[in-house]
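Q: Here you go, one structure.
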Amino acid sequence: MTAPRSARELALGILLRVDKGAHAAPLLDARGRELDARDRDFLRALVKKTLRGAIRLDHVLQRHLKQPAASLDPPVLAGLRLGVAQLLLMDRVPAHAAVGETVAAVRVFAPKAAGLVNAVLRRVAEREKRPGAVRLPAGADPLARLALETSHPEWLVRRWVAAFGEPAARAAMEADDVDTPTDLLADPRSGSVDEILAALAADGVTAERSPWAPLALTVTEGNAAAHPLVTGGALAVVDVAAQALAALLPEARIAVDLTAAPGGKVRALLASGRARRVVALERTASRAARLAANLAAAGRRAEVLVVRADAGVPPLPRERFDAVLLDAPCSGTGTLRKNPEIRLRLGPGDLAGFAATQRRLLDAALALLAPGGALLYVTCSLEPEENEHVVDAALAARPGFARAKPGSGVSEPVAERTDASGLVRVLPGATVDGFSAILMTRLRR
């Protein structure tokens, strides 16, 4: 019989898959099923702490290596990061376990590297103090220090400080190191908000109203994902950011969501009354099937037409819809805590590629709008190249369209983050991920 794999072995396996281009979140969901709840939480902490702290961890590691950290073989570098993350970033892990059990995990993937990893981790354990001092050469500027202290790419730190100011950029980067709480959508079909809060509390799940959207609940205690209202589909786990976005779109009889899976925004549009019916496009067959199943479980299937199609060539009549939502694929700089591998992959040169895709999708989305209709363009990126620059270029080529400002009914936090042009830009915070949104309209002839 094969021995069960430890959380550290599973974590190292995930880190190596991420190094080859995979995303950590789905791997954590899949591997976590092999573990009980306590070890599952530990696995998540191992992977997230390692990926979020990788830039700072490499800086510390370099003091104990004879070659550049980046030149190490992947299992060696990943094992060292994993071990140092436990030693310097995780308070409850004893040093002997961080070293010994990490070396055991490395031995599974790279037996010949175990000695090196063991020696380096022991030196780190003996000589470094939490969270590992940042030491820069004389003359290095403060932003280089900020990048290491917050473990963000220096190019991104410089952009954010220039765009948002140092205090706001620092706060956003610090928020990237803290998990957001679980959010729920209080669908009125399951009762009033007060009734739902009472039903959750009766089973040990405490939640409170979120200021970001009228139907948004933030869980403060308990396992909401395992509650019967959630597992049965009556309530959905939907980020407050997605719920806040749904409130930006004007009310319409039929709304189109061009990138709909897994369906959080679709359910928010229906639950809030922003749309009576939704046409939901999803390109991937498995995700379209999951979307349909989620809607069926929620009792919302009859209100949604699920269409498997590319948002760039939607098989829908042109100039016929009053409300279109395009949540465009993007660099994800507003979601670095959920997708920490982005910090290690993304470069400034990548933004142009995302912008080209976004422009193609936006042109297709604008073509669906009826005169007087509204289109909400959204990304989880904070970068102008993927947002206002894309929108402005598209509108410049289409004289019959213009930007519009969100109407009444948006929440106070969203209103506070809307500028004079109508751009909504939310930085990562304690209870919300970062995103950008711009509303447009097709002018009546």
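The values are calculated or read from the model by the stated rules, or taken from the named source; none is laboratory data. Small disclaimer: the values here were computed from a predicted structure and weren't measured. Ideal geometry is used to build each Cβ from the backbone, glycine not excepted, and the neighbour counts take in all protein chains shown. SASA here: full protein model, heavy atoms, side chains in, ligands and nucleic acids out. Shrake-Rupley method; radii C 1.70, N 1.55, O 1.52, S 1.80 Å.
Every residue, every condition in (1) surrounded by 14 or more Cβ atoms within 10 Å (Cβ to Cβ); (2) closer than 23 Å to Pro348 by Cβ, yes or no:
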| site | (1), (2) |
| --- | --- |
| Ala98 | yes, no |
| Glu101 | yes, no |
| Arg107 | yes, no |
| Leu116 | yes, no |
| Val120 | yes, no |
| Glu126 | no, no |
| Ala138 | no, no |
| Pro142 | no, yes |
| Leu146 | yes, yes |
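Q: Starting from residues that are open to solvent by less than 50 Å² (accessible area, probe 1.4 Å) and charged (D, E, K, R), keep the ones in region 33-59 and report whichever is nearest to Arg123 (Cα to Cα).
A: Step by step, filter region 33-59, then rank; the result is Asp58.
Q: Among the helices (runs of 4 or more DSSP H) lying completely within region 198-283, list those that include at least 2 residues that are out of contact with any His (no Cβ under 8 Å at 6 or more places or on another chain), of a type in the set (A, V, I, L, M) and surrounded by fewer than 24 Cβ atoms within 10 Å (Cβ to Cβ).
A: Counting at least 2 such residues, we get 228-231.
Q: Would you confirm whether any residue within region 168-176 is surrounded by fewer than 18 Cβ atoms within 10 Å (Cβ to Cβ), of a type outside the set (Ser, Thr, Tyr) and either more than 22 Å from Pro340 (Cβ to Cβ) or in contact with a Lys or Arg (Cβ under 7 Å, 6 or more places away or on another chain) (or both)?
A: No, region 168-176 contains no residue that is surrounded by fewer than 18 Cβ atoms within 10 Å (Cβ to Cβ), of a type outside the set (Ser, Thr, Tyr) and either more than 22 Å from Pro340 (Cβ to Cβ) or in contact with a Lys or Arg (Cβ under 7 Å, 6 or more places away or on another chain) (or both).
Q: Further question: If a residue must be surrounded by fewer than 17 Cβ atoms within 10 Å (Cβ to Cβ) and closer than 17 Å to Ala226 by Cα, how many such residues does region 182-197 contain?
A: Residues meeting the conditions: 0.
Q: Right, something else. Mind listing just one residue for me: the one in region 394-438 that is surrounded by 14 or more Cβ atoms within 10 Å (Cβ to Cβ), of a type in the set (A, V, I, L, M, F, W, C) and within 15 Å of Ala367 (Cα to Cα) and, of those, nearest to the chain's Cα centre (by Cα)?
A: Top of the filtered list is Ala394.
Q: Looking only at region 387-400, decide whether some residue is of a type outside the set (D, E, K, R), out of contact with any strand residue (DSSP E or B) (no Cβ under 9 Å at 6 or more places or on another chain) and touching a residue at least 40 places away in the same chain (Cβ under 8 Å).
A: no
Q: Which of the following residues is at pLDDT 95 or above and either out of contact with any Phe, Trp or Tyr (no Cβ under 6 Å at 6 or more places or on another chain) or of a type in the set (Lys, Arg) (or both): Gly372, Gly334? Show your work before the answer.
A: On the way: Gly334 fails: either out of contact with any Phe, Trp or Tyr (no Cβ under 6 Å at 6 or more places or on another chain) or of a type in the set (Lys, Arg) (or both).
After applying the criteria, what remains is Gly372.
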